[in-house]
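Chemist: This is the structure, below, for whatever I ask next.
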Amino acid sequence: MTKSLSLMFAIINVLLMLAIAISINYSVWLVLLFTLILIGFLGFSFATKARLDRKKAKAE
């Protein structure tokens with residue numbers, strides 16, 4: 001995985017965690033929504049990393 005892609009995933013994850021922290025003051029439903037989005041995005045980023053690593057290993 002390239003450094004720029006890793007940085008993008010890290011920044012988006014931090015922003016989602018920040019959104020969860022801020023939404024605690026407003027609504028439990030927003031917390032649940034942002035938590036589900038965060039879990040989905042984390043899964044997507046791990047799947048992307050695995051796919052790219054597999055493609056890189058196959059090319060070598």
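Rule-based calculations on the coordinates, nothing more; no lab input. What you see is a predicted model; the values in this text were computed from it and never measured. With ideal geometry, Cβ positions are generated from the backbone for all residues, glycine too; neighbour counts draw on all protein chains shown.
Chemist: Residue check: is SER23 under 30 Å from ALA57 (Cβ atoms) and surrounded by 14 or more Cβ atoms within 10 Å (Cβ to Cβ)?
Modeler: So SER23 fails the test.
Chemist: Of all the residues that make up segment 32-60, how many are acidic (Asp, Glu) and part of a helix (DSSP H, G or I)?
Modeler: First, pick out the residues of segment 32-60 that are acidic (Asp, Glu): 53, 60.
From what's left, part of a helix (DSSP H, G or I): 53.
Looking only at that region, the number is 1.
Chemist: With the structure loaded, tell me whether LYS49 is out of contact with any strand residue (DSSP E or B) (no Cβ under 6 Å at 6 or more places or on another chain), surrounded by fewer than 11 Cβ atoms within 10 Å (Cβ to Cβ) and among the charged types (D, E, K, R) or whether it fails that test.
Modeler: In short, no.
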